[in-house]
Every structure is written in structure tokens, then in C-alpha cells.
Amino acid sequence: MKSFKMLLVLAVFLSIGCEDTVRCVFGTTTELRDKELSVASYEEDYFELISAKIPFDHCISDVFILDLPRGLDYYIYDCDTIEISGYPTDIGDFTIEVIIEIEEIEYDTFEDVGLCIDYETSKLYRLVVSRF
């Protein structure tokens, strides 16, 4: 039975490649980092960065933020960071959902190493916009 398990592991390594097997075993999850967003002030300049843990040689390709107060917008700041900025015109306590999608950085290769990688993730954040 032990030799069968060894043979099975060897077959997996040979069929999908060593690098992909290591990625699957040791994890390549994509996740938005926990963060307490700073309090925004009504019609005042607001700037916040949210970073993500993404697999090596991948970058954020798309961002969607649901229920963001009016006056604020979002952008891809760099490979693993999202920017929320603007002048909020809604007052209140908002629960926003940040959704990111990632893609592999192109290195003049056609090799797909996307096995066992989460290409999309989301997280809820609390954003307070106060009058003062």
C-alpha cells in the first residue's frame, strides 16, 4: 500500500509538474488584507490603500467595489494595492465589498502556471463618513 501511495505522488508530480504541485500543496491563495479604514470627512479629501496577498508573478487586473459612498472612486494603485480616494458626499456608516481579480504577468511565455491559484477574492470593509 505504501508503494502505491508513492507511485501516486510520483504520477501527480509527473503529470502536472513539480512547480504546480508545490503551489497546490503550500498554498497560493489570493486574499485582501485585513484593514480598518480611516474615517472619511464629508467633502474632504480622502485617500486609503488596501493591499492584497497574491501569488508571485501575478497582479491585480480588475477591481470592483460595491456600495462605495458617492464622491469616492477606486483604482489599481500598483500590482497588489487598491486605492480609494475622492471627496465623499454621502454621510453614514457603509459596508463596502471589495472584489479583486488577478492575472499572471506576461513574460513572453505561453506557459500557464495557474493551477491551484484563486483568481478572484472579496472582502467586506467598514467605511465611516462623518460630517466633521
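At-a-glance table
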{"read-out": "Stretchable slack from S51 to L124, in nm (0.36 nm times residue separation minus alpha-carbon distance)", "value": "24.9 nm"}
{"read-out": "Sites C59 and L37, calculated FRET efficiency, Cβ-Cβ separation with R0 25 Å, nearest 0.05", "value": "0.65"}
{"read-out": "Long-range amide H partners of I117 with built H, under 5 Å", "value": "none"}
{"read-out": "Relative contact order [Cα under 8 Å, 6+ residues apart], the range 28-130, whole percent", "value": "36"}
{"read-out": "Cleavage-rule hits (GluC sites (Glu not before Pro)) in the range 32-111: DSSP loop, at most 10 neighbouring Cβ within 10 angstrom", "value": "E36, E106, E111"}
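Laboratory data are not the source of any read-out in this text; all were calculated from the coordinates shown. Because the structure is predicted, anything quoted here is derived from the model rather than measured. Glycine gets a Cβ as well: all are built from the backbone with ideal geometry, and neighbour counts include every protein chain shown.
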